[in-house]
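S.K.: The structure under discussion is supplied below as structure tokens; questions concerning it will follow.
Laboratory data are not the source of any read-out in this text; all were calculated from the coordinates shown. Here the structure is a predicted model, which means the values were calculated and not measured. Backbone-built Cβ (ideal geometry, glycine too); neighbour counts: all protein chains shown.
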Amino acid sequence: MYAMVLKKIGTELEWNELADPNPGPGEIRVKVAACGVCRTDLHVVDGDLPDQKVPIIPGHEIVGRIDLIGADVVGLSIGERVGIPWLGHTCGVCPYCLEHRENLCDHPLFTGYTRNGGFATMAIADARFAFPLGETGSDISLAPLLCAGLIGWRSLVISGAGKKIGLYGFGAAAHIVAQVAKWQGRSVFAFTRPGDVATQSFARSLGATWAGGSNEMPPEPLDAAIIFAIVGDLVPLVLKAVRKGGRVVCAGIHMSDIPSFPYRLLWEERQLVSVANLTRQDGIDFLRLAPDMGIATKTTSYPLKQANQALADLRAGRFEGAAVLVP
Ligand SMILES: [Zn+2]
Ligand SMILES: [Zn+2]
């Protein structure tokens, strides 16, 4: 197999030929058809996450077809198209797993972070964490659903039932969440980097009621807001933009420091919460509804070998929507 491998934190990924991996008990091998590029892949490369192991193959929005099945796998078949998400394994016995909060598992494995991911021609996955995708939709269009879509979905559920939703940082996740929220009959207020009129008009094209810079206040108070941007400075601004009792959800795995702010911004039962990872139930719920929602992902595809270019373009905000690598 071939893979783009992170050998040393802070360096470019290297194109390597590796021995074909074999699935162990409970595992499947997938021939990768597409793998989305996520902001978290940048955090992996930059060493922003704790205890980053190297070498590692990043990538956790994998769409592929099963070509080998290990022992003790049930319910999956050779040739079946599956999606492999960020949550790659949980222990099943810790207090969080037992409380149906496996996203907080004490001993998890994460695809493309603590186990090898999909910036490769082949990937191994724990079969219990692979989602059957069916045959509707192209491999490339489905890939961003596996993290941007899933984490976005979980964030939207946790934001509550409010009708007026603010999305701060209008990248891969927000462009999917905007479509989901609209389908649910909510109004979306999109906030981009100040002056980024191209992304603001992209947001309006996806049905946003209003789009503007993250330094602006919305035309009316928001019921809830989700922060996808990794900028901690936004938190006080977003608290200011939500109504009494409103909720602010931080959806990123990493954020710059949050500055101190006056207590009155939190007062009146405003809530500030974070969302971590996903559960398999999130995936089942979201992927079951996704075809009905008519989500159109906007993708920019790159050959697998150009993973470094895709990461650089993501960092610089050079495309709308999501980048996808194709082996
Ligand atoms: Zn656990
Ligand atoms: Zn991700």
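S.K.: Once you have the Cα-Cα distance between residue 233 and residue 22, take 0.36 nm times their residue separation minus that, and quote the gain in nm to one decimal.
M.R.: Numbers: separation 211, 0.36 × 211 = 75.96 nm, distance 4.55 nm.
Net length gain for the segment: 71.4 nm.
S.K.: Quick one: putting +1 on the C-beta of Lys and Arg, -1 on the C-beta of Asp and Glu, what dipole do you get for the stretch 252-311 around its Cα centre, in Debye to the nearest 20? Mind dumping the intermediate values first?
M.R.: On the way: 6 positive and 6 negative charges, 56 e Å.
With only Lys, Arg, Asp and Glu charged at Cβ, the dipole is about 260 debye.
S.K.: Treating the beta-carbon of each Lys and Arg as +1 and of each Asp and Glu as -1, no other charges, what is the dipole magnitude of the chain about its Cα centre, to the nearest 20 debye? Don't skip to the answer; put the middle values down first.
M.R.: Numbers: 30 positive and 32 negative charges, 166 e Å.
Taking the Cα centre of the chain as origin, the dipole is about 800 debye.
S.K.: Pull up the cross-link candidates among the aspartates and glutamates for residue 7, meaning alpha carbon to alpha carbon under 16 Å and not fewer than 8 places away within one chain.
M.R.: Leaving aside aspartates and glutamates fewer than 8 places away in the same chain, those within reach of residue 7 are 17, 41, 46, 48, 51.
S.K.: While we're on this one: Output the relative contact order of the chain, whole-number percent, from Cα pairs under 8 angstrom with separation of 6+ residues. Walk me through the numbers on the way to the answer.
M.R.: Numbers: 778 pairs, mean separation 60.9, N = 327.
It comes to 19 percent, rounded to a whole number.
S.K.: Where Rh is the Kirkwood radius over the Cα pairs of the chain, the temperature 10 °C and the viscosity 1.306 mPa s, what D in µm²/s does Stokes-Einstein return?
M.R.: On the way: Rh = 20.0 Å.
For the chosen part, D equals 80 µm²/s.
S.K.: Right, another one. Please state the relative contact order of the stretch 151-223 as a whole percent: Cα pairs under 8 Å, 6+ residues apart? The partial results should precede the final answer.
M.R.: Numbers: 111 pairs, mean separation 23.0, N = 73.
Reported relative contact order: 31 percent.
S.K.: Given only helices, namely DSSP H runs of n ≥ 4 each adding -39500 (n - 2.57), what is the per-residue ellipticity at 222 nm of the chain, to the nearest 500 deg cm²/dmol? Don't jump to the answer; show the numbers that get you there.
M.R.: Values: 9 runs with 80 residues, N = 327.
Dividing the helical sum by the residues of the chain leaves -7000 deg cm²/dmol.
S.K.: Using alpha carbon coordinates only, what is the Rg to Rh ratio of the stretch 112-250, with Rh defined as the Kirkwood radius?
M.R.: Ratio of gyration radius to Kirkwood radius for the stretch 112-250: 1.02.
S.K.: Here is a follow-up. Convex hull volume of the Cα atoms in the stretch 30-167, per residue, in Å³? Present the calculation step by step, with values, prior to reporting the outcome.
M.R.: Numbers: hull volume 19.6 nm³, N = 138.
Once divided by residue count, the hull of the stretch 30-167 is 142 Å³.
S.K.: Here is a further query. Multiply the residue separation of residue 67 and residue 298 by 0.36 nm, subtract the distance between their alpha-carbon atoms, and state the gained length in nm to one decimal.
M.R.: Numbers: separation 231, 0.36 × 231 = 83.16 nm, distance 2.84 nm.
Length difference between fully extended and current span is 80.3 nm.
S.K.: Sort 24-33, 214-223 by packing, meaning the average of other beta carbons within 10 Å per residue, with the highest value first. Please report the intermediate quantities before stating the final value.
M.R.: Numbers: 24-33: 19.5, 214-223: 16.0.
For the peptides 24-33, 214-223, the packing ranking is 24-33, 214-223.
S.K.: Of the listed peptides 40-52, 253-265, what is their order by residue-averaged count of other C-beta atoms within 10 Å, with the highest listed first?
M.R.: Details: 40-52: 16.8, 253-265: 12.3.
In decreasing order of mean packing, 40-52, 253-265 become 40-52, 253-265.
S.K.: Report the relative contact order of the stretch 1-89, percent, no decimals, based on alpha-carbon pairs under 8 angstrom and at least 6 residues apart.
M.R.: On the way: 159 pairs, mean separation 28.3, N = 89.
That works out to 32 percent.
S.K.: Over all distinct Cα pairs, what is the inverse of the mean 1/r for the stretch 1-75, reported as the Kirkwood hydrodynamic radius in Å?
M.R.: Details: mean 1/r = 0.0723 Å⁻¹.
13.8 Å is the Kirkwood radius here.
S.K.: Which of the lysines could a cross-linker span from residue 182 if the Cα-Cα distance has to be under 30 Å and same-chain partners fewer than 8 positions apart are dropped?
M.R.: Answer for residue 182, where 30 Å is the Cα cut-off: 163, 164, 240, 244, 298, listed by chain and number.
S.K.: Mean Kyte-Doolittle hydropathy of -0.5 or higher plus an axial Cα length of 18 Å or more: which whole DSSP H helices in the chain meet both?
M.R.: Values: long enough: 280-293 (19 Å, -0.46).
Answer set is 280-293.
S.K.: Also, quick follow-up: Can you compute the FRET efficiency between residue 51 and residue 268 using 1/(1 + (r/R0)^6), with r the Cβ-Cβ distance and R0 = 25 Å? Round to the nearest 0.05. Each step should come with its number before you reach the end.
M.R.: Numbers: r = 39 Å, r/R0 = 1.56.
So the FRET efficiency works out to roughly 0.05.
S.K.: Still on this structure, please answer the following. Within the set of other residues whose C-beta is less than 15 Å from the C-beta of residue 204, count the net charge using Lys and Arg as +1 and Asp and Glu as -1.
M.R.: Values: positive: 182, 298; negative: 196, 216, 320.
Computed value for this residue: -1.
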